[in-house]
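Okay, so here's the structure we're looking at.
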Amino acid sequence: MTRALVIIDGEHYLSTVKDALEELPYEFVAAHLVGGTEKLRGGEDYGVPLVDSLAAALEHDPEVVVDLSDEPVLGPPDRLRLASRALALGLPYVGADFRFDPPALEPFELPSIGIVGTGKRVGKTAVGTHAARVLSDRYDVVVVAMGRGGPAEPEVAETPPTVEDLLALSRSGRHAASDYLEDAALAGVVTIGCRRAGGGLAGAPFVSNVLEGAALAAERAPDIVIFEGSGAAFPPIDTSKRVLVVGGGQSPEVAAGYLNAYRILVSDLVLVIGGGASLAAIRELTDVPVLEARLRPRPAESVDGPVAVFTTAPADAREAIRSKLTEQGLDVRHISSNLADRDALRAELEGVDAETILVELKAAAIDVVAEAAADRGARLVLLGSDVVAEGLDEHLLALAEEAVREQVRA
């Protein structure tokens, strides 16, 4: 019979709880009383030891957490917070009509760092490329990136792809703006592209070929491997260390709530892009460093003359992007946030006249924007982002050093 920690509350009579413990198909080894006093008389004996936290229950070797509580003691936010803590301890969390399991993460033989996020376009790829650039000054780095438009079989990008390479890939019917290509183009390290489909509430992909990509990375025997997630999905790898990227535009209820609390609890460093109200909520959950970070757009090559800029950034970020590029001496004549809307993008391009087009390597960057640039003889330059946060590089290097040391000890 499965050994279980039971979550109970004082809104249930003692006899009701004890009878339920007898009836449910578990061997209950401990109980955690989460609140409620209405039906408590004092001195209740539930027949199992009471523990004051989920972590304290580990000495009783539970294999699952069974939630026998309910409203009003545990509403949905508190219940998901508790589920997140259970998952972070490696324990499934089961209720009357639900079950959450920790994502299955496969062991990996080399030092590794996961770069994961709380959603799509939170700055995860920018952080991944930044980490690769920083670490490659000291280590031989390989990046394994997964995406919803990645290749059917893992592909190795040995050298940074050129715009011509990306156009050829697009014209062959492939997605030429996959995250691994962005990593390869902007970080200048060997990158392995993978794909995934679906994503669970705790980050598990339904289907992926990341394990095959990880095997290709291991064959190269680098010093360290960076595994980059996709959206809110984790690479299914038990990385040595993990960096979580949170979108500053996400409310605290989203960034630190639902099962994003799990993502926070299993991470060694948290970056909140743009800062905001989520910082305090996240710091309440974890003792690891939580840094406020900014993205600073930067062309991958030197640029002169008038430029048009195409991004996936929200419309209300356009002027900030313009300002940051102007500070770098660029003459920005047009800036678009329609890169993920092909119809709007094509219509917009008809009215754009610039010698140089800057474009993020995302969405329709190649099949629409690069093709338009090629048709009119304009220069196309990829637009990346520097990640600016106090102490970030030192934290990344420290995580890499710890990962390498742990591997040596193992």
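Rolling a 1.4 angstrom probe over region 236-327 with all protein chains present gives an accessible area of which 47% lies on carbon and sulfur atoms. Axis angle, to the nearest 10 degrees, between helix 14-23 and the longest C-alpha principal axis of the chain: 70 degrees.
Take region 283-334 with all the other protein chains still there, run a 1.4 Å probe, and you get 57 Å² of accessible area per residue. When the alpha-carbon atoms of region 289-333 are used, the pair Rg, Dmax equals 12.0, 41 angstrom. Separation of region 17-68 from region 135-184 is 50 Å, based on Cα centroids. The count of lysine pairs in the chain whose Cα atoms are under 26 Å apart, excluding pairs fewer than 8 places apart on the same chain, comes to 8. How tilted is helix 318-327 with respect to the longest principal axis of the chain? Cα atoms for both, answer in degrees (0 to 90, nearest 10). It is inclined by approximately 60 degrees. Inverting the pair-averaged 1/r between distinct Cα atoms of the chain gives 23.1 Å as its Kirkwood hydrodynamic radius. Placing unit charges on each Cβ (+1 for Lys and Arg, -1 for Asp and Glu) gives the chain a dipole about its Cα centre, and among ILE273, GLY43, VAL245 the Cα reaching farthest toward its positive end belongs to ILE273. Ranking PRO92, LEU80, PRO62 by how far each Cα lies toward the positive end of the dipole of region 58-124 (charges on Cβ) leaves LEU80 at the top. Dipole size of the chain about its Cα centre, with +1 on Lys/Arg Cβ and -1 on Asp/Glu Cβ: approximately 740 debye, rounded to the nearest 20. For the Cα atoms of the chain, what angle does the longest principal axis make with the long axis of helix 124-136, in degrees from 0 to 90, nearest 10? Roughly 80 degrees, rounded to the nearest 10.
Looking at region 228-342, what % of the alpha carbon pairs are farther apart than 21 Å? In whole percent, the share of Cα-Cα pairs in region 228-342 beyond 21 Å is 49.
The values are calculated or read from the model by the stated rules, or taken from the named source; none is laboratory data. Quick caveat: nothing in here was measured; it's all calculated off a predicted structure. So basically every Cβ, Gly included, is an ideal-geometry build from the backbone, and we count neighbours across all protein chains shown. Ligands, DNA and RNA are excluded from the accessible area calculation, which covers all protein heavy atoms including side chains. Shrake-Rupley method; radii C 1.70, N 1.55, O 1.52, S 1.80 Å.
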